[in-house]
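A short worksheet on the structure shown next.
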Amino acid sequence: MRVLDFLALIRSLNRKTTFYYEADDKAIIPINDFKIENELLYLTTTIKQRPRQQWELWVLLQKKELLSYLLYIQTDKQQLRPVFGFRLENGKALIK
C-alpha cells in the first residue's frame, strides 16, 4: 500500500484513534514513528512508548515527497512487512 492510499483510509477515522501492530502471537504493539531508509518508508513499533493517533500520522505522512512511497511496518522481530490495511477493534486500528 502506498502512503497516499493509507492516508485515504485513515482520513475518515476519529482523530483519537490509536494505531498498533498486531504480531503473529496476537500481541499488540504501539506504532510510534516512521523511518525512511534505502528508499523504504516503514512504521516503527516500541512497546514502551505511547501509540500515535490518527491526526499525528496524518500530519507526519502528508508530505508531498512521501505520498508515492510504499508503506511497510517494522515487526516485533525487526523485519519489514508490507502494509495492506488495518482493522478497527475497540477504538484501535490494528495493522497486521
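All of the numbers you see were taken from the coordinates with simple rules; none came from a lab. Predicted model only: the values in this text are computed from it and were never measured. Glycine gets a Cβ as well: all are built from the backbone with ideal geometry, and neighbour counts include every protein chain shown.
Can you say what percent of the DSSP beta bridges in the chain, counting only those with both residues inside, are antiparallel? Round to 5. Intermediate values should be presented prior to the final figure.
Working: 18 of 25 bridges.
Bridges in the chain are about 70 percent antiparallel.
In the chain, if every C-alpha pair distance is counted and binned at 10 Å from zero, what percent goes to each bin? Computed distribution, short to long bins: 17, 56, 26, 1. Entry note, the chain: relative contact order of 35 percent, from Cα contacts under 8 Å with a spacing of 6+ residues.
Near Gln53, once Lys and Arg are set to +1 and Asp and Glu to -1 for all other residues with Cβ below 15 Å from its Cβ, the sum equals +4.
Given the -39500 (n - 2.57) contribution per DSSP H run of 4+ residues, what per-residue ellipticity at 222 nm results for the chain, rounded to the nearest 500 deg cm²/dmol? Show your work: numbers first, answer last.
Values: 2 runs with 16 residues, N = 96.
One gets -4500 deg cm²/dmol as the mean residue ellipticity at 222 nm.
For Leu67, what is the net charge nearby, where nearby means another residue's Cβ is under 15 Å from its Cβ and Lys, Arg count +1, Asp, Glu -1? Mind showing how you got there, number by number?
Numbers: positive: Arg2, Arg11, Lys63, Lys64; negative: Asp5, Glu39, Glu65.
With Lys, Arg at +1 and Asp, Glu at -1, the net is +1.
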